[in-house]
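K.L.:
First, the structure itself, so that you have it in front of you.
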Amino acid sequence: PNYPGDIKYFGKISSATGVPTIIKSFSNLYINFDCITTDDAGNFYIGGGLSGTNPVDLGNGVSVSGVNKTVIAKFDASGNAVWAKTFDLGEVGTIQKTIPRLAVSNSGNVFFLGYNPNLDANGKVNYPLYKLDSNGETLWYKDALNPHGIVGVFTNEHSLSDKFIDNNENVHLAIGSTAGFTFDGVNYPNPTTSPSITIYTTMISLNASGNILKGKTFDAAVTI
């Protein structure tokens with residue numbers, strides 16, 4: 001992702017023959033792809049961060065602009081750009097993953113978790129959770145503010161990056177912290193336990209409207 005002269009591409013592998021097909025390729029594309037998912041119609045959704053040039057043409061009349069913006073883009077099954085939206089998470093576009101989780105529900109709504117490794121004006125790291133409609137418009141937004149820990153990005157398994165919503169659009173997150181955090185304004189302090197515990201994990205579930213259903217903190221790192 002740090003060498004924009006590279007060719008970036010995405011495609012699919014036939015379940016019947018195992019033959020791979022490149023659907024779309026880009027040359028000199030200044031977007032770091034972080035994750036990809038699909039819906040039942042075969043549309044592709046890509047999350048990443050703009051890393052240099054302004055604006056960026058994704059084809060089919062769709063472009064994005066704004067250095068260090070986070071990007072969610074939708075392409076149809078043939079690789080034609082449908083829409084692309086940018087979000088301001090602060091300075092991104094570096095080697096850090098800016099979209100660690102991206103998923104599409106059965107009704108076509110898009111969910112993603114952003115990641116900004118840089119401290120905001122209050123000295124906190126922000127890991128926002130967004131729900132978009134099928135046209136990419138924001139339906140609701142929640143923030144997770146944590147001064148020291150790692151929120152929502154505990155998995156290095158890329159194939160699981162879209163496994164945080166269920167069939168009813170409930171959202172399930174594992175939020176790790178070394179010093180407590182707030183989610184949507186609710187404080188989740190770490191419990192007082194053995195000094196050997198250095199990472200705590202809070203499991204949080206939200207319904208389709210973004211209301212918190214449950215939140216529970218555990219004395220360990222949890223990977224989902």
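Since every read-out is calculated from the coordinates, none of them should be taken as a lab result. Keep in mind the model is a prediction, meaning the values are calculated, not measured. Note that each Cβ is placed from the backbone with ideal geometry, even for glycine, and that neighbours are counted across all protein chains shown.
K.L.:
Starting from the amide H of W83, placed 1.01 Å from N in the peptide plane, find each other amide H under 5 Å away whose residue is 5 or more places distant or on another chain.
P.N.:
Amide H neighbours of W83: K74.
K.L.:
Between D57 and N28, what length in nm is gained on full extension when 0.36 nm per residue of separation is reduced by their alpha carbon distance?
P.N.:
9.4 nm
K.L.:
Additional query: Rounded to the nearest 0.05, what FRET efficiency do K216 and L139 give with R0 = 22 Å and r taken as the Cβ-Cβ distance? Could you check?
P.N.:
0.25
K.L.:
So, one more: Beyond 27 Å between alpha-carbons counts as too far, so tell me which of K69/K163; K12/K85; K69/K216; K8/K142; K131/K214 fall in that bin.
P.N.:
Where the Cα-Cα span goes over 27 Å, the pairs concerned are K69/K216; K8/K142.
K.L.:
Read phi for every residue in region 12-25 and hand back ³J(HN,Hα) as whole Hz from Karplus 6.51 cos²θ - 1.76 cosθ + 1.60, θ = phi - 60°, with x for Gly and Pro.
P.N.:
Karplus-based 3J(HN,Hα) across region 12-25 equals 8, 10, 5, 5, 7, 10, x, 7, x, 9, 7, 8, 8, 10 Hz.
K.L.:
Using 1/(1 + (r/R0)^6) with R0 = 22 angstrom and r between the beta carbons of S209 and D40, what's the FRET efficiency to the nearest 0.05?
P.N.:
Calculated value: 0.45.
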